[in-house]
């Protein structure tokens, strides 16, 4: 398991190094995930070996929300004063993301020529 987590972190490091060295706007962890995807597709045995560790991490993914919850509690007074704009931003961005996702799906369905489009 330690080896697999080290592999995850090495891919994240590779993404960070690439992003910073080339001064890209894409975050390093996103590049690292792309590198990791290419690695897993090109090495199916490695993917099978890493799968149990990845599933274990995903089963405890909710623990990553603890720092966000602590941050909200730490800034309750700000949430009280700026609550409405924050709520509008969250609701608006969520609605916009859903709309863009739907339009992208419909556009791709038409492009691919599916009968339901």
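The values are calculated or read from the model by the stated rules, or taken from the named source; none is laboratory data. Bear in mind the structure is a predicted one, so any value in this text is a computation, not a measurement. Cβ coordinates were reconstructed from backbone atoms using ideal geometry, including for glycine residues, and neighbour counts include every protein chain displayed.
If you go through the range 56-76 one residue at a time, do you hit one that is in contact with a helix residue (DSSP H, G or I) (Cβ under 7 Å, 6 or more places away or on another chain), at pLDDT 90 or above and part of a helix (DSSP H, G or I)?
Scanning the range 56-76 turns up no residue that is in contact with a helix residue (DSSP H, G or I) (Cβ under 7 Å, 6 or more places away or on another chain), at pLDDT 90 or above and part of a helix (DSSP H, G or I).
Could you list all residues from the range 1-36 that are part of a helix (DSSP H, G or I) and exposed (fewer than 12 other Cβ atoms within 10 Å of the Cβ)?
Once the filter is applied, which keeps residues that are part of a helix (DSSP H, G or I) and exposed (fewer than 12 other Cβ atoms within 10 Å of the Cβ), the range 1-36 yields 2, 3, 6, 9, 20, 21.
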